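J.: Can you keep this structure in mind? I'll have questions shortly.
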Amino acid sequence: MVDTPQGSETKDYVKWFRQSSPYINAHRNKTFVLMLPGAAMQSDNFHNIIHDIALLNSLGVRLVLVHGARPQIDARLGLEHSNSDFHEQWRVTDAAQMTSVSQAVGEVRFAIEAALSTGLPNSPMHGAHIRVVGGNFVTAKPIGVIDGVDLQHTGKVRRIDNKALHQALDSDAIVVVSPLGYSPTGELFNLSFAEIATQVASALQADKLIAFTSETGFYDQDGNLCRQLSLSECAQQLTQLEQDHDRSQSLQACYDACQQGVPRAQIISYQQDGALLQELFTRDGSGTLVHRDDYELIRQATIDDVGGLLELIEPLEQQGALVRRSRELLESEIDRFTILEKDGTIIACAALYPFGAAPTTAELSCVATHGEYRKGGRAKLVLDAIESKARKQGIRELFVLTTQTAHWFLEQGFVAANLDRLPAEKQSLYNFQRNSKVFIKAL
């Protein structure tokens, strides 16, 4: 059968949909805070973002959407010939301007609510029936006087009503939070939407904070896209961008959220169609990930990993690179395996088999890496973990039998050896039909 272009596209779609199913299950009932700047509402891609948000809602993700309104506020004040003064990153908001600020914020909020309420038959949101909830979830206080400058009605977050937010989320509604806050005395304050997003994510102990920006993700000073940043790496980048508020705002929000208990935060583009779905439903994502824990985790395999291990090694068994292992054998030997896990998916593995009653020699076996990650040094990471484990057990020498990866083992410090260098028990089991080459490494 000839694979037509249409057939190829269908297969790609089916493959993507199947691969996304673990993420669909993982994200269900999780809480995500979306940080959407005012500029995103002016993007041609805005309605695609709304469609993707609606899809997440239909998949059972609990969503809080915190929006900004800076360009809309600037435009409103410009129409009224009212100039804003800024002190560092803060707008100085007087009482007269506060009216214009609240009007601009209200217009943005209503535009978002209207977009989320779309349900035309020819719309991707047909049948969605989304409930949108807003309210006075943010209690504010004035920033006050900074360096002698009175910021007046520019404020900061005093408290987040997380109980009310949870009640709204429990009703399957999307919560929309605007960059305004009310004080206990009834005053209205202009707030930073980035601070609100961070504080909401912290108060809810959200599973993710997702910050939309104009770029694909966060780029370092050399113009390189940072695919992932640990908190320490994030802190270093922020130090270098100390005077660049526009570039650092999203990264600072992600850093602060993770510091306050949110496991992961992501920076993605509001201009790239499908960036939100790609970030959430593919292994490599689309932007920059800021994480508290190890994004790629090396650990001891458990019985729950058998299915994932089979999926990883079966293609290599079919190619003849690995000896076939049944599910039963894997289950009985699972404690021998060390795995590298990325976002819940096993992408590399290796096994250690000591020989003898008081072993000083062990076999390194079943070294495998997922096809999409073979040039990223993952196998070396697993090998390092195996060698560390072997040393702790008193192993002084590793040997490996391979048919197709001799050069890689040579690069890792193994040397070619004769069959008689193997333990007698292993020599008796040697498969001459496979004609595997023997390599040994002293630890």
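J.: Could you please let me know if Val262 is assigned to a loop (DSSP other than H, G, I, E, B), farther than 26 Å from His87 by Cβ, hydrophobic (A, V, I, L, M, F, W, C) and in contact (Cβ under 8 Å) with a residue 40 or more places away in the chain?
T.: yes
J.: Which members of the stretch 52-73 meet the condition of being over 19 Å from Gly106 (Cβ atoms) and either open to solvent by 50 Å² or more (accessible area, probe 1.4 Å) or over 22 Å from the mean Cα position of the chain (by Cα) (or both)?
T.: Listed by number, the residues that qualify are Leu55, Ser58.
J.: Taking interchain pairs and intrachain pairs at least six residues apart, which have beta carbon atoms under 6 angstrom, with the first residue in the stretch 138-163 and free of Cβ contacts under 8 Å to residues at least 40 places away in the same chain and the second surrounded by 15 or more Cβ atoms within 10 Å (Cβ to Cβ) and among the hydroxyl-bearing types (Ser, Thr, Tyr)?
T.: Listed pairs, sorted by first residue: Arg158/Thr139; Arg159/Thr139.
J.: Would you say Leu443 is of a type in the set (A, V, I, L, M, F, W, C) and either more than 43 Å from the chain's Cα centre (by Cα) or more than 19 Å from Cys349 (Cα to Cα) (or both)?
T.: yes
J.: Another question about this same structure. Within the set of pairs 6+ apart or on separate chains, which have a first residue in the stretch 85-100 that is open to solvent by 30 Å² or more (accessible area, probe 1.4 Å), a second that is part of a helix (DSSP H, G or I), and C-beta atoms under 9 Å apart?
T.: Going by the 9 Å Cβ cut-off, the qualifying pairs are Glu88/His245; Gln89/His245; Gln89/Asp246; Gln89/Gln249.
J.: Run down Ile49, Ile24 and say which single residue is under 23 Å from Tyr270 (Cα atoms), in contact with a Gly (Cβ under 9 Å, 6 or more places away or on another chain) and open to solvent by less than 50 Å² (accessible area, probe 1.4 Å).
T.: Only one candidate qualifies: Ile24.
J.: Could you run through the stretch 270-312 and say how many residues are assigned to a strand (DSSP E or B) and either more than 16 Å from Leu34 (Cβ to Cβ) or not polar (S, T, N, Q) (or both)?
T.: Looking only at that region, the number is 8.
J.: Okay, next question. All but one of (1) modelled with pLDDT under 90; (2) surrounded by fewer than 19 Cβ atoms within 10 Å (Cβ to Cβ); (3) more than 11 Å from the chain's Cα centre (by Cα) hold for Ser248, so report the exception by its number.
T.: Result: Ser248 passes all but (2).
J.: Those residues that are without any contact (Cβ under 8 Å) to a residue 60 or more places away in the chain and of a type in the set (Asp, Glu), I need them from the stretch 285-339; list them, please.
T.: Asp293, Asp294, Asp304, Asp305, Glu311, Glu314, Glu317, Glu328, Glu331, Glu333, Asp335
J.: Let me ask another. May I ask you to verify whether Ser202 is without any contact (Cβ under 8 Å) to a residue 24 or more places away in the chain and either surrounded by fewer than 23 Cβ atoms within 10 Å (Cβ to Cβ) or outside any strand (DSSP E or B) (or both)?
T.: So Ser202 fails the test.
J.: In addition: Would you point out which residue out of Arg378, Arg324, Arg336 is modelled with pLDDT under 90 and not hydroxyl-bearing (Ser, Thr, Tyr)?
T.: Arg378
J.: Taking the stretch 261-305 only, how many residues are under 30 Å from Glu328 (Cα atoms) and buried (at least 21 other Cβ atoms within 10 Å of the Cβ)?
T.: 1
J.: Got a number for residues in the stretch 213-241 being in a strand (DSSP E or B), open to solvent by less than 20 Å² (accessible area, probe 1.4 Å) and touching a Gly at 6+ places or on another chain (Cβ under 9 Å)?
T.: Final tally of qualifying residues: 0.
J.: Within the stretch 391-417, take every residue that is assigned to a loop (DSSP other than H, G, I, E, B) and polar (S, T, N, Q) and give me the one that is nearest to Arg299 (Cα to Cα).
T.: This residue is Gln393.
J.: Next up: I'm trying to understand the selection: among the residues of the stretch 75-107, which are of a type in the set (Asp, Glu) and within 18 Å of Leu180 (Cβ to Cβ)?
T.: Asp94, Glu107
The values are calculated or read from the model by the stated rules, or taken from the named source; none is laboratory data. Note that the coordinates shown come from a computational prediction; the quantities given were computed from them, not determined experimentally. Cβ sites come from the backbone with ideal geometry, for glycine too, and all protein chains shown count toward neighbours. These accessible areas exclude ligands, DNA and RNA; they are computed on the full protein's heavy atoms, side chains included. Shrake-Rupley method; radii C 1.70, N 1.55, O 1.52, S 1.80 Å.
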